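Down below is the structure, laid out as structure tokens.
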Amino acid sequence: MKICPTCRRTYSDDGLNFCLEDGTVLTLAPSEAPPTVMMNQPRPTDPAPISAAGGINAPAQPYSMKPKKSSKTWLWVVAILGLLLLVCGGGIAAMVGYVYTHPELAANNSKVPSNRPVVINGNNSSTPSASPSPSPFDSASFDTLDLSEWVRDTSAWGNTEFTNGEFIMSSKQKGYYYVLVAPEGYTTDGAVTHVTLSNIDNANSSMGYGLVFHSNPDPLVDDFAFLINTKTRKYRVVTHKPGKESTVVAWTTSPFIKDGTQENILEARDQADKTDLYINGQLITSVKNAAAYKNGVPGLYSGDAARIAFKNLEIKK
């Protein structure tokens with residue numbers, strides 16, 4: 001007879017070495033005398049079976065062990081951790097949203113240099129929300145330039161044609177731009193000038209294409225050019241002096257530019273000391289025109305051999 005010194009449970013099986021209740025090593029019951037061995041008792045010939053893992057398999061018992069009660073402390077730990085994650089995570093998300101909707105928290109409040117134009121409406125959102133500004137052309141008389149007369153039979157710099165009511169022009173080669181301007185008398189001083197254009201082949205043009213204003217009647221001597229690139233949906237403003245093109249406004253993204261081969265309307269509204277520039281009725285930027293050519297005329301610009309179709313080049317005083 002064996003006994004568990006912990007729970008005091010007794011076992012009659014001498015081959016059992018551990019308590020089936022708590023696993024304690026069994027000892028001989030103190031009140032039991034050593035068994036008498038009979039001289040004629042046969043020796044056992046069937047040893048206990050061996051498991052594949054090398055341990056001794058105990059004989060099956062007529063009862064099953066009750067599983068220990070599992071502690072529920074971990075449930076409280078998980079619940080507390082979840083609550084902390086919810087509170088902290090929500091706070092982090094709120095901060096990210098606040099910085100995103102308040103860019104002044106993430107950017108320096110540096111002033112625009114006085115020698116650079118001030119961008120009036122530089123919205124870079126992919127979903128434009130501003131309302132178009134009413135154009136003076138909506139209810140006023142205007143002069144329309146006959147672009148069919150701008151076709152050149154031959155030119156060392158550019159190609160021109162007039163097809164289906166559109167004046168199509170391009171530079172002869174990539175890396176070059178081609179500019180044509182109106183004759184004297186079509187002054188853009190104090191006027192509103194606009195033109196409709198499209199990139200008919202959806203071609204790449206690193207230089208852009210668009211509207212020239214305040215130009216000397218001799219092209220590229222003194223002028224401003226308001227240019228767009230529908231492939232990248234960006235615009236820029238440049239000025240020309242003999243043999244030199246200078247940047248006034250660097251390439252800037254605008255959601256108001258229609259991409260691909262869609263038509264875009266560029267407009268320059270001349271004021272006393274500045275010219276406001278519009279794309280499809282939306283005010284985009286303004287440039288100072290104190291040094292503009294007096295009584296300058298409008299014109300057209302196309303760069304990088306991209307074929308650009310122009311129509312409705314109009315001026316209103």
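The values are calculated or read from the model by the stated rules, or taken from the named source; none is laboratory data. Predicted, not measured: the structure shown is a model, and the values here were computed from it. Here Cβ is always computed from backbone atoms with ideal geometry, including for glycine, and neighbour counts include all displayed protein chains.
Going through (1) closer than 17 Å to ASN229 by Cβ; (2) of a type in the set (S, T, N, Q); (3) at pLDDT below 95 one by one, SER302 falls short only on (3). Hey, among the residues in the range 249-271 that are out of contact with any Asp or Glu (no Cβ under 9 Å at 6 or more places or on another chain) and among the charged types (D, E, K, R), which one's nearest to TYR186 (Cα to Cα)? The residue in question is GLU263.
Per-residue answers, yes or no, for (1) modelled with pLDDT of 95 or more; (2) of a type outside the set (A, V, I, L, M, F, W, C):
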{"residue": "ALA156", "(1), (2)": "no, no"}
{"residue": "THR163", "(1), (2)": "yes, yes"}
{"residue": "ILE168", "(1), (2)": "yes, no"}
{"residue": "TYR177", "(1), (2)": "yes, yes"}
{"residue": "ALA203", "(1), (2)": "yes, no"}
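Within the range 300-309, how many residues turn out to be closer than 8 Å to MET169 by Cβ and surrounded by fewer than 23 Cβ atoms within 10 Å (Cβ to Cβ)? Final tally of qualifying residues: 1. Kindly list the number of the only condition in (1) touching a Phe, Trp or Tyr at 6+ places or on another chain (Cβ under 9 Å); (2) farther than 24 Å from ALA182 by Cα that fails for LEU283. All conditions are met except number (1).
Say we look at the range 222-233 and pick out the residues that are in contact (Cβ under 8 Å) with a residue 24 or more places away in the chain and over 17 Å from THR193 (Cα atoms); which of these is surrounded by the fewest Cβ atoms within 10 Å (Cβ to Cβ)? Looking at residues that are in contact (Cβ under 8 Å) with a residue 24 or more places away in the chain and over 17 Å from THR193 (Cα atoms), I get LYS231. The strands (runs of 3 or more DSSP E) found wholly in the range 231-289 and carrying at least 2 residues that are closer than 19 Å to PHE310 by Cβ and aliphatic (A, V, I, L, M) occupy 234-241, 264-270, 274-279. Return only the number of the condition from (1) farther than 23 Å from SER148 by Cβ; (2) under 29 Å from the mean Cα position of the chain (by Cα) that ASP189 does not satisfy. Result: ASP189 fails condition (2) only. Checking PRO219 against (1) within 16 Å of SER286 (Cβ to Cβ); (2) over 26 Å from the mean Cα position of the chain (by Cα), which test does it fail? Unmet condition: (1).
Scanning the range 290-315 for residues being in a loop (DSSP other than H, G, I, E, B), closer than 22 Å to ASP201 by Cβ and of a type in the set (Ser, Thr, Tyr) gives a total of 0. In the range 187-222, how many are over 18 Å from ILE168 (Cα atoms) and in contact with a Lys or Arg (Cβ under 9 Å, 6 or more places away or on another chain)? Count: 11.
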